[in-house]
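The values are calculated or read from the model by the stated rules, or taken from the named source; none is laboratory data. Please read all numbers here as calculations on a predicted model, not as lab measurements. Note that each Cβ is placed from the backbone with ideal geometry, even for glycine, and that neighbours are counted across all protein chains shown.
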Amino acid sequence: MTAETTTTTSYWLNWRFFVCSLFVLFYFVVATFLISKFEGRKRSNQQGGEDQKAAPGEVFEEEAWNTCLKSIHPAWLLGYRMFAFITMLTLLVINAFVDGISIFFFYTQWTFTLVTTYFALGCVISIYGCQKYWAQARRDAEQGTNVSPGETADASNESEHSDDRKIAGGWFYAFQIMYQASAGAAMLTDLVFWIILFPYLSSIPYGIDLMLIVCMHSVNAAFLLCDSILNCLRFPFFRIAYFFLWTSFFVLFQWLVHAYFNLWWPYPFLDLTPFYAPFWYLAVGTMHLPAYGAFALVVKLRETFFSRLFPESYRKIA
């Protein structure tokens with residue numbers, strides 16, 4: 001704990017807090033602008049409205065549950081999401097059991113919970129998608145289509161293209177937002193821990209504590225990256241806004257808690273006592289761009305490689 005307690009007025013009424021507040025306010029303003037400009041069911045019309053191209057903020061149902069390759073059944077994505085959800089929920093429960101409910105004081109556990117929720121909702125959406133996929137295959141079989149089951153499903157996808165491309169409902173939008181916010185937050189969590197915090201740990205625990213530390217700062221991003229290779233979700237860059245909001249709300253939560261309770265800071269760079277505190281806030285805030293950009297690059301590479309290696313099977317959502 002610092003010499004100056006966090007509950008005193010002098011701790012907050014100073015230039016350091018003012019500058020850090022401006023940084024957080026800046027992220028709120030940028031996020032609000034991006035969401036108001038790009039988010040939602042907007043379409044850009046071309047050629048008098050005959051050719052419509054999906055706007056960046058548009059989400060289709062098929063994106064949430066289908067795979068990026070037609071040769072891969074959506075059930076594989078469902079199975080993977082169930083495995084990821086069970087694994088992450090188990091780790092989160094073990095972490096809470098070993099270290100107590102105070103773990104949710106940390107950004108790591110906030111993000112880990114968000115990623116776990118993403119996979120939980122992903123399981124529900126994938127079940128819905130698989131039911132839709134199998135129902136269409138049965139309809140084609142009843143009509144006597146003389147093709148194999150896999151080909152039947154692909155043909156049905158083409159015939160029902162307009163249905164698959166229908167604008168998604170609220171839960172699908174929430175799923176897309178969680179996907180992109182989780183991606184940035186997970187990458188930021190791992191980068192900050194392994195690059196900034198881990199090298200300065202005075203002592204490294206062993207046993208289950210070491211396992212939890214490694215898992216909590218690697219499994220979340222690894223599961224999301226694997227999910228990104230399988231799914232066909234787009235990754236419009238403007239949704240970095242939700243990543244900004246996620247981190248900003250965490251900072252505001254910490255400030256409110258420390259304004260009323262004289263507690264330790266979960267991360268040393270959140271402490272407003274040092275004169276260089278604004279530098280740390282700016283540095284960590286700036287890391288949002290490479291963290292989010294790295295994940296966006298993975299999605300772009302998936303699109304590039306799969307479209308070239310499997311041109312007939314790759315399912316492009318646009």
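For the reader, a short list of remarks on this structure follows.
- Checked against (1) surrounded by fewer than 19 Cβ atoms within 10 Å (Cβ to Cβ); (2) within 18 Å of Gln180 (Cα to Cα), Asn66 meets all criteria but (1).
- Of the listed requirements (1) in a helix (DSSP H, G or I); (2) more than 17 Å from the chain's Cα centre (by Cα), Phe112 misses just one: (2).
- On the stretch given as segment 256-282, residues that are in contact with a helix residue (DSSP H, G or I) (Cβ under 8 Å, 6 or more places away or on another chain) and either of a type in the set (D, E, K, R) or within 14 Å of Val24 (Cα to Cα) (or both) total 8.
- Filtered residues of segment 24-41 (kept if surrounded by fewer than 17 Cβ atoms within 10 Å (Cβ to Cβ) and touching a Gly at 6+ places or on another chain (Cβ under 9 Å)): Phe26, Lys37, Gly40, Arg41
- From the options Arg43, Arg81, residue that is among the charged types (D, E, K, R) and modelled with pLDDT of 95 or more: Arg81
- Pairs with Cβ under 6 Å, 6+ apart, first in segment 118-135 and more than 14 Å from Leu89 (Cβ to Cβ) and touching a residue at least 12 places away in the same chain (Cβ under 8 Å), second of a type outside the set (A, V, I, L, M, F, W, C) and crowded, with 20+ Cβ neighbours inside 10 Å: Ser126/Arg81; Gly129/Pro74; Cys130/Pro74; Tyr133/Pro74
- Summed over segment 216-244, residues that are surrounded by fewer than 18 Cβ atoms within 10 Å (Cβ to Cβ) and of a type in the set (A, V, I, L, M, F, W, C) total 6.
- Filtering segment 5-43 to residues that are closer than 21 Å to Pro236 by Cα and touching a Pro at 6+ places or on another chain (Cβ under 6 Å) leaves only Phe38.
- Any hit, segment 192-210, residues being at pLDDT 80 or above and closer than 23 Å to Ala241 by Cα: yes
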